[in-house]
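K.L.:
Quick one: this structure, given as structure tokens, is what I'll be asking you about.
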Amino acid sequence: MGSKGEKITVVGAGTIGSLTAYTLMAKKSSSEITLVNRNEDKASVKTFDMSHTLPLIGGTSIEGGSYEKSKGSQVIIITSGVLPKLNGSRMDVLQHNLDIYRNLIPKLADLSPEAVIVTVTNPVDIMALAAAKYSGFSNRKIIGSGTLLDSMRFRSFISKAIKVPPEDVDAIIVGEHGDTMVPIWSQTKIKGVNVQKYVKDRGIYWNNEVENDIFQKTKNAGWKIREGNQHSSYAIAYSATTIAEAIIQESQEYLPISFEQSDTYGLKDLFMSLPIQLGKEGYKRVYELDFTKQELKLIDESARKLKSNIEKIKF
């Protein structure tokens with residue numbers, strides 16, 4: 001049953017936004033779900049179609065239309081933006097997407113001054129920073145979808161390599177949602193057992209080459225989908241839904257998502273992903289893991305790359 005009196009708005013009625021709205025509705029993540037779009041008719045007809053499933057779902061509602069319909073939202077998920085081309089990168093579309101946010105975010109902030117904003121638009125860490133600048137909100141109320149999607153992919157590829165159900169794998173990716181993302185092998189567990197011990201006890205072939213292959217598959221998964229002339233949509237929609245539910249339901253779960261760094265592991269003045277707890281006011285607390293020296297080095301390198309990209313931007 002959706003949380004009573006809670007409203008989640010999805011901004012952007014493209015494939016990702018529409019699937020996110022549908023997933024929120026199907027999971028009854030909130031009592032009121034809204035899909036808004038620059039072309040309001042597009043959002044209206046899509047939610048008109050979705051609403052015909054409500055007799056079998058129940059416990060929620062869905063409608064679509066103009067940005068004004070987002071008024072009074074507790075969570076706003078922003079999927080609006082341009083997607084990178086087949087052989088491009090997430091950074092290629094940065095300036096175009098910044099232009100979209102510059103016009104869009106202040107409108108949404110005025111309509112829902114108490115909302116937590118979740119950015120999905122790529123490059124997501126920089127777009128979260130942009131949302132913070134353009135909204136005027138406390139940075140605790142700005143969240144990027146970050147590396148939750150990467151962590152889901154990471155767990156999936158590990159499960160296939162070890163031949164266990166993916167839900168038995170506990171593993172995360174942190175840092176940038178991009179080329180400098182960092183796999184945290186030191187904390188990876190299978191059914192609660194450290195992965196190194198698990199594979200050794202069962203005689204499963206495992207070495208650095210296997211780990212690197214899994215990581216490369218994880219990092220390149222989005223581009224693999226692009227090679228099929230499609231783009232990632234189902235998994236990111238589920239990821240965004242999971243984040244919205246964690247906010248609305250004040251989940252105790254720690255999720256690897258992008259938030260403002262304020263001296264965690266010495267990181268400052270940027271958004272990037274570490275495991276955090278969410279609530280109705282946004283970011284609550286970070287779970288500080290016992291990273292290895294090599295993992296900390298890679299996290300620092302990821303932060304430096306993000307800062308380098310940020311310095312080139314005119315917000």
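K.L.:
Only one residue in Val75, Val124 is more than 23 Å from Ala303 (Cβ to Cβ) and either surrounded by fewer than 19 Cβ atoms within 10 Å (Cβ to Cβ) or of a type in the set (Val, Ile, Thr) (or both). Which one? Show your work before the answer.
P.N.:
Working: Val124 fails: more than 23 Å from Ala303 (Cβ to Cβ).
Exactly one residue qualifies, and that residue is Val75.
K.L.:
Which of the residues spanning the stretch 181-218 are surrounded by fewer than 17 Cβ atoms within 10 Å (Cβ to Cβ), more than 12 Å from Ala171 (Cα to Cα) and β-branched (Val, Ile, Thr)?
P.N.:
Correct list: Ile204, Val210.
K.L.:
Quick one: which helices (runs of 4 or more DSSP H) sit completely within the stretch 185-270 and have at least 2 residues that are within 20 Å of the chain's Cα centre (by Cα)?
P.N.:
Because the criterion is at least 2 residues that are within 20 Å of the chain's Cα centre (by Cα), the helices (runs of 4 or more DSSP H) in the stretch 185-270 that meet it are 208-219, 221-227, 234-248.
K.L.:
Identify all residues within the stretch 130-144 that are surrounded by fewer than 24 Cβ atoms within 10 Å (Cβ to Cβ), within 14 Å of Tyr283 (Cα to Cα) and in contact with a Phe, Trp or Tyr (Cβ under 6 Å, 6 or more places away or on another chain); write none if there are none.
P.N.:
Arg140
K.L.:
To continue, here is another question. On the given criteria, is Ser138 over 12 Å from the mean Cα position of the chain (by Cα), over 20 Å from Ser80 (Cα atoms) and not assigned by TED's automatic domain parsing to the domain that holds Gly282? Don't jump to the end; show me each part of the working.
P.N.:
Working: over 12 Å from the mean Cα position of the chain (by Cα): yes; over 20 Å from Ser80 (Cα atoms): yes; not assigned by TED's automatic domain parsing to the domain that holds Gly282: yes.
Yes.
K.L.:
Kindly indicate whether any position in the stretch 286-294 is assigned to a helix (DSSP H, G or I), closer than 22 Å to Thr188 by Cβ and either of a type outside the set (Gly, Ala, Ser) or modelled with pLDDT of 95 or more (or both).
P.N.:
Scanning the stretch 286-294 turns up at least one residue that is assigned to a helix (DSSP H, G or I), closer than 22 Å to Thr188 by Cβ and either of a type outside the set (Gly, Ala, Ser) or modelled with pLDDT of 95 or more (or both).
K.L.:
Another one. Which one of Lys293, Lys314, Lys305 is surrounded by fewer than 13 Cβ atoms within 10 Å (Cβ to Cβ), within 18 Å of Leu129 (Cα to Cα) and not aliphatic (A, V, I, L, M)?
P.N.:
Testing whether each residue is surrounded by fewer than 13 Cβ atoms within 10 Å (Cβ to Cβ), within 18 Å of Leu129 (Cα to Cα) and not aliphatic (A, V, I, L, M) leaves just Lys314.
K.L.:
In the stretch 7-32, what residues are surrounded by 24 or more Cβ atoms within 10 Å (Cβ to Cβ) and in a helix (DSSP H, G or I)?
P.N.:
Ile16, Gly17, Ser18, Thr20, Ala21, Leu24, Met25
K.L.:
Taking the stated definitions as given, is Leu278 touching a Lys or Arg at 6+ places or on another chain (Cβ under 7 Å), closer than 26 Å to Lys189 by Cα, modelled with pLDDT of 95 or more and not assigned by TED's automatic domain parsing to the domain that holds Gly72?
P.N.:
yes
K.L.:
Sticking with this structure for a sec: Kindly provide the set of residues from the stretch 140-178 that are within 20 Å of Asp213 (Cβ to Cβ), among the hydroxyl-bearing types (Ser, Thr, Tyr) and touching a His at 6+ places or on another chain (Cβ under 8 Å), ordered by number.
P.N.:
Correct list: Thr147 only.
K.L.:
Counting only residues that are crowded, with 24+ Cβ neighbours inside 10 Å and assigned to a loop (DSSP other than H, G, I, E, B), how many does the stretch 150-171 have?
P.N.:
Qualifying residue count for the region: 1.
K.L.:
Here is a further query. Specify which of the listed residues (Glu68, Glu63) is out of contact with any His (no Cβ under 8 Å at 6 or more places or on another chain), more than 27 Å from Leu129 (Cβ to Cβ) and either at pLDDT 95 or above or surrounded by fewer than 17 Cβ atoms within 10 Å (Cβ to Cβ) (or both).
P.N.:
Glu63
K.L.:
Looking at (1) free of Cβ contacts under 8 Å to residues at least 40 places away in the same chain; (2) touching a strand residue (DSSP E or B) at 6+ places or on another chain (Cβ under 9 Å); (3) more than 18 Å from Pro165 (Cα to Cα); (4) not charged (D, E, K, R), can you tell me which one Tyr198 breaks?
P.N.:
It is condition (3) that Tyr198 fails.
K.L.:
Before we move on, is Val174 modelled with pLDDT of 95 or more, surrounded by 17 or more Cβ atoms within 10 Å (Cβ to Cβ) and part of a strand (DSSP E or B)?
P.N.:
Yes; evaluated as a whole, the condition is true for this residue.
K.L.:
Just the residues that are at pLDDT below 80, of a type in the set (Lys, Arg) and more than 17 Å from Ser145 (Cβ to Cβ), please, taken from the stretch 77-107. Break it down into steps so the answer makes sense when it comes.
P.N.:
As a first pass, look at the stretch 77-107 and keep what is at pLDDT below 80: 83-92.
Imposing the further condition that a residue be of a type in the set (Lys, Arg) reduces the set to 85, 90.
Within the stretch 77-107, Lys85 is the sole residue that qualifies.
K.L.:
If you don't mind, another one. Would you pick out the residues in the stretch 255-272 that are out of contact with any Leu (no Cβ under 9 Å at 6 or more places or on another chain) and either assigned by TED's automatic domain parsing to the domain that holds Ala132 or more than 22 Å from Lys305 (Cα to Cα) (or both)?
P.N.:
Answer for the stretch 255-272, where residues must be out of contact with any Leu (no Cβ under 9 Å at 6 or more places or on another chain) and either assigned by TED's automatic domain parsing to the domain that holds Ala132 or more than 22 Å from Lys305 (Cα to Cα) (or both): there is none.
K.L.:
Looking only at the stretch 254-290, which residues are of a type in the set (Lys, Arg) and buried (at least 16 other Cβ atoms within 10 Å of the Cβ)?
P.N.:
Lys280, Lys284, listed by residue number.
The values are calculated or read from the model by the stated rules, or taken from the named source; none is laboratory data. Since this is a predicted model, take the numbers as computed values, not measurements. Neighbour counts run over all protein chains shown; Cβ positions are idealised from the backbone, glycine included.
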